[in-house]
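Accompanying notes for the structure given below.
The values are calculated or read from the model by the stated rules, or taken from the named source; none is laboratory data. Computed from a predicted structure; not experimentally measured. Cβ atoms come from the backbone with ideal geometry, glycine included; neighbour counts cover every protein chain shown.
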Amino acid sequence: MRLRHIEVFNAVMLIGSVSGAARLINVTQPAVSRILQHAELQLGFALFQRAKGRLLPTSEALSLYPHVEQLFAQLDDVHRLAANLKAGDSAKELRILTVLALSYEILPHAIKLFRVKYPDMAISIKALHSPQIVAALVLQEADVGFLFSPVVHSALAQEHLADGRVVCVAPRGMLAARFLKRGSITLTELAKLDKVPVIGLDAQDPVGRVLSQASREAGVGLKFDITVQTYHSALALAHHGLGVALVDTCTAASADATRVHVLDLEPLIPVPIKALLPSGKPGSVAVRAFVKCFEQALKFEGRTKML
């Protein structure tokens, strides 16, 4: 099928009639009919059957259509990327993407530092999941992204900013005094505690994956009574006394010390913090400055209560 065939086929699938498809792609009805006939001739099978003035897709057309939808989604990506490339640096706005865990304590501190040198620059922030951050940066819909764990993509460059770790956030009164005095608890000890619910992270999450891997390597059958998708959901549950939360140190920086204790989890499970930038587009001076501010914010939290 040629691209014109695909465009007409997609329009008819969307609208269900030749007249509607013609209006959608701004051509005449005879042209739509002629292109459809030519497409069917080349393919060697019918794409539509007429029924009460409408075109009904054949089974072959229904098999083709998901691939056509995917193609048009990719074309939309091309158009969006082209528009973003055309805009270039003319849009005087810093577009930041971050995972939610980094948006509560670290990001505001970084913006305060950035505002000292760039008090008037517009800033837009989106808190997304890691795959969404990667996809948006590839399309150059943002200037920089901050997330956990390494990402390998030919269109992206990454910088290591800091190493966090997985910690244990326990409601006051839930853990024995010996753990609090020591300031740490092991995976094995946590797994053996009776009647202490554990709140874990989704295994599809980067931190959840490393936590599951560390449990397997330690030979620990750690059972999660509650599993959540976001780190702050785990922290909120711990604040309400519903269990011991295993989260990253950036999330633990938001812990309320009057309600929970934060203990190191052993063995050490590192949580690398990365900055991602489009590799084909060198970061502007402002972007580079913000990455530096973000790194300084991480170091500040590390000196106080985080790392």
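For the stretch 3-22, the tally of residues that are surrounded by fewer than 17 Cβ atoms within 10 Å (Cβ to Cβ), more than 15 Å from Gly53 (Cβ to Cβ) and touching a helix residue (DSSP H, G or I) at 6+ places or on another chain (Cβ under 8 Å) stands at 2.
Kindly indicate whether any position in the stretch 190-211 is farther than 30 Å from Val134 by Cα and under 26 Å from the mean Cα position of the chain (by Cα). Steps first, answer last, please.
Residues of the stretch 190-211 that are farther than 30 Å from Val134 by Cα, as a first pass: 190-198.
After this cut, where a residue has to be under 26 Å from the mean Cα position of the chain (by Cα) as well, the list is 198.
Within the stretch 190-211 (the criterion being farther than 30 Å from Val134 by Cα and under 26 Å from the mean Cα position of the chain (by Cα)), the answer is yes, since at least one residue qualifies.
Of all the criteria given as (1) acidic (Asp, Glu); (2) in contact with a strand residue (DSSP E or B) (Cβ under 9 Å, 6 or more places away or on another chain); (3) modelled with pLDDT of 90 or more; (4) over 29 Å from Val207 (Cβ atoms), the one not satisfied by Asp143 is (4). Out of the residues in the stretch 109-134 that are of a type in the set (Gly, Ala, Ser) and over 16 Å from Val207 (Cβ atoms), which is modelled with the highest pLDDT? Of everything passing the filter in the stretch 109-134, Ala110 is modelled with the highest pLDDT. The residue pairs whose first member lies in the stretch 259-272 and is farther than 9 Å from Val207 by Cα, whose second member is of a type in the set (Phe, Trp, Tyr) and in a strand (DSSP E or B), and whose beta carbons are closer than 7 Å, counting only pairs six or more residues apart or on different chains, are Pro272/Phe148. As for the stretch 227-243, it holds no residue that is exposed (fewer than 15 other Cβ atoms within 10 Å of the Cβ) and of a type in the set (A, V, I, L, M, F, W, C). Number of residues in the stretch 218-242 that are modelled with pLDDT of 95 or more and assigned to a loop (DSSP other than H, G, I, E, B) equals 3.
Please find, among Ile106, Ile96, the residue that is at pLDDT 90 or above, touching a Leu at 6+ places or on another chain (Cβ under 9 Å) and under 15 Å from Pro278 (Cα atoms). Let's see the steps before the verdict.
Working: Ile106 fails: under 15 Å from Pro278 (Cα atoms).
Of the residues listed, the single one that is at pLDDT 90 or above, touching a Leu at 6+ places or on another chain (Cβ under 9 Å) and under 15 Å from Pro278 (Cα atoms) is Ile96.
Is it fair to say Ala191 is surrounded by 15 or more Cβ atoms within 10 Å (Cβ to Cβ) and in the same structural domain as Ala255 (by TED's automatic domain parsing)? Quick ask: steps written out before the conclusion?
Working: surrounded by 15 or more Cβ atoms within 10 Å (Cβ to Cβ): yes; in the same structural domain as Ala255 (by TED's automatic domain parsing): yes.
Spelling it out, Ala191 is indeed surrounded by 15 or more Cβ atoms within 10 Å (Cβ to Cβ) and in the same structural domain as Ala255 (by TED's automatic domain parsing).
A count restricted to the stretch 174-204 and to residues that are touching a residue at least 60 places away in the same chain (Cβ under 8 Å) and in a loop (DSSP other than H, G, I, E, B) stands at 3.
Residues that are without any contact (Cβ under 8 Å) to a residue 24 or more places away in the chain and in a helix (DSSP H, G or I) within the stretch 91-108 comprise just one, Pro108. What is the number of the single condition among (1) in a helix (DSSP H, G or I); (2) of a type in the set (A, V, I, L, M); (3) crowded, with 19+ Cβ neighbours inside 10 Å that Ile111 does not meet? Just one mismatch for Ile111, condition (3).
Considering only the stretch 255-292, state which residues are modelled with pLDDT of 90 or more and either in a loop (DSSP other than H, G, I, E, B) or of a type in the set (Lys, Arg) (or both). Once the filter is applied, which keeps residues that are modelled with pLDDT of 90 or more and either in a loop (DSSP other than H, G, I, E, B) or of a type in the set (Lys, Arg) (or both), the stretch 255-292 yields Ala255, Asp256, Ala257, Thr258, Arg259, Pro267, Leu268, Ile269, Lys274, Arg288, Lys292. A single entry from Ala155, Ala122, Ala177 fulfils the requirement of being outside the structural domain of Val196 (by TED's automatic domain parsing), small (Gly, Ala, Ser) and over 20 Å from Lys292 (Cα atoms): Ala155. Consider Ser130 carefully, then state whether it is within 20 Å of Val151 (Cα to Cα), in contact (Cβ under 8 Å) with a residue 12 or more places away in the chain and polar (S, T, N, Q). So Ser130 passes the test. When His232 is tested against (1) within 23 Å of Gly183 (Cα to Cα); (2) more than 19 Å from the chain's Cα centre (by Cα); (3) in contact (Cβ under 8 Å) with a residue 24 or more places away in the chain, just one condition goes unmet, and that condition is (2).
Tell me yes or no: at least one residue of the stretch 200-211 is surrounded by 15 or more Cβ atoms within 10 Å (Cβ to Cβ), under 30 Å from Val287 (Cβ atoms), outside the structural domain of Ala136 (by TED's automatic domain parsing) and at pLDDT 90 or above. No, the stretch 200-211 contains no residue that is surrounded by 15 or more Cβ atoms within 10 Å (Cβ to Cβ), under 30 Å from Val287 (Cβ atoms), outside the structural domain of Ala136 (by TED's automatic domain parsing) and at pLDDT 90 or above.
Report the residue count in the stretch 205-229 for those that are in contact with a Ser or Thr (Cβ under 6 Å, 6 or more places away or on another chain) and in contact (Cβ under 8 Å) with a residue 40 or more places away in the chain. Spell out the reasoning first.
Looking only at the stretch 205-229, we keep the residues that are in contact with a Ser or Thr (Cβ under 6 Å, 6 or more places away or on another chain), and these are 206, 220, 222.
With the extra rule that they be in contact (Cβ under 8 Å) with a residue 40 or more places away in the chain, the set shrinks to 206.
Residues meeting the conditions: 1.
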